[in-house]
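Enquirer: Right, I'll just put the structure down here and ask away after.
Just so it is clear, none of the values below were taken in a lab; they were calculated from the coordinates. Just so it is clear, the structure is predicted and the values come from calculations on it, not from any experiment. As a convention, Cβ positions derive from the backbone with ideal geometry for all residues, glycine included, and neighbour counts pool all protein chains shown.
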Amino acid sequence: MRIIAGTAKGRTLKTLKGLETRPTLERVREAVFNTLKEKVSGAKMLDLFAGSGAMGIEALSRGATYCYFNDQNKKACQIIKENLQKCNFMERSKVFAMDGLKLLVYLQKKDLIKFDMIYLDPPYLSSDYAIYLQKLEESGLLAKNCIIIAESRKTLNLADEYQRLRLDKKRDYGDTAIWYYNFLGEE
């Protein structure tokens with residue numbers, strides 16, 4: 001797996017061996033970032049189920065200011081750190097090894113940051129997307145006009161709306177679906 005564009009273009013990333021993580025295909029990553037375009041530059045991002053960290057590292061390479069990475073698997077977190085080191089992004093990142101919902105509660109209490117972009121890619125067979133989307137919407141962690149990108153299996157159906165999160169578009173790539181939700185901020 002390699003970084004597609006930006007300052008770390010062409011760098012190869014390590015991934016966790018086996019089926020514990022499912023890296024986002026390169027063509028899907030490219031399509032996501034082509035869709036996001038100028039929204040990436042200067043963004044503060046959360047990669048909630050980071051695996052190898054490829055999505056967040058791609059964002060950093062393309063000009064995101066900062067990225068928080070999280071994966072409950074400690075081996076995955078070690079690989080994320082190695083990949084960040086390799087791409088010289090350690091100073092623009094923070095890595096957590098927590099359950100996703102616990103991380104959101106922790107960040108709420110710390111009031112550390114408001115995110116412009118969140119990548120949500122729970123384990124492949126998970127059906128907890130609604131729980132995460134609702135928790136994110138209520139968290140106070142979303143900057144106005146935050147975009148949440150959810151990667152799921154194509155057969156999963158998500159709602160068009162989660163309170164102040166509205167589905168902007170959905171794109172299918174083989175067996176993968178990418179959902180783009182906009183946060184409308186305070187009404």
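Enquirer: Taking amide H positions as placed in the peptide plane 1.01 Å from N, state which residues far from Ile4 in sequence (5 or more) or on other chains have amide H under 5 Å from it.
Expert: Answer set, sorted by chain and number: Gly10.
Enquirer: In whole Hz, what ³J(HN,Hα) sequence does the range 156-172 give by Karplus (6.51, -1.76, 1.60; θ = phi - 60°), x for Gly and Pro?
Expert: 3J(HN,Hα) across the range 156-172, in whole Hz: 7, 9, 10, 6, 6, 8, 10, 6, 8, 9, 10, 5, 8, 7, 9, 10, 10.
Enquirer: Per 0.36 nm of contour for each residue apart, how much would the distance between Lys170 and Ala5 grow if the chain were fully extended, relative to their Cα-Cα spacing? Numbers along the way, then the final one.
Expert: Numbers: separation 165, 0.36 × 165 = 59.40 nm, distance 2.31 nm.
Gain on stretching Lys170 to Ala5: 57.1 nm.
Enquirer: Computed over the Cα atoms of the chain, what is the ratio Rg over Rh, Rh following Kirkwood?
Expert: Details: Rg = 15.0 Å, Rh = 16.3 Å.
Ratio of gyration radius to Kirkwood radius for the chain: 0.92.
Enquirer: Measuring from label point to label point, each 7 Å out along Cα→Cβ, what is the Gln108 to Lys74 span in nm?
Expert: 2.7
Enquirer: Using only helices, what value at 222 nm comes out for the chain when you add -39,500 (n - 2.57) per DSSP H run of length 4 or more and divide by the total residues, to the nearest 500 deg cm²/dmol? It would help to have the intermediate numbers written out before the result.
Expert: Working: 5 runs with 53 residues, N = 187.
Dividing the helical sum by the residues of the chain leaves -8500 deg cm²/dmol.
Enquirer: Please compare each pair in Lys44/Lys169; Lys14/Lys169; Lys144/Lys169; Lys9/Lys102; Lys14/Lys75 to a cut-off of 23 Å on the Cα-Cα distance and tell me which ones are over it. Show your work: numbers first, answer last.
Expert: Working: Lys44/Lys169 21 Å; Lys14/Lys169 31 Å; Lys144/Lys169 18 Å; Lys9/Lys102 33 Å; Lys14/Lys75 11 Å.
Too far apart for the 23 Å limit: Lys14/Lys169; Lys9/Lys102.
Enquirer: Given the convex hull over the Cα atoms of the range 117-187, what projected area results after averaging over all orientations, in nm²? Working shown, then result.
Expert: On the way: hull surface 17.2 nm².
Hull-based average projected area comes out at 4.3 nm².
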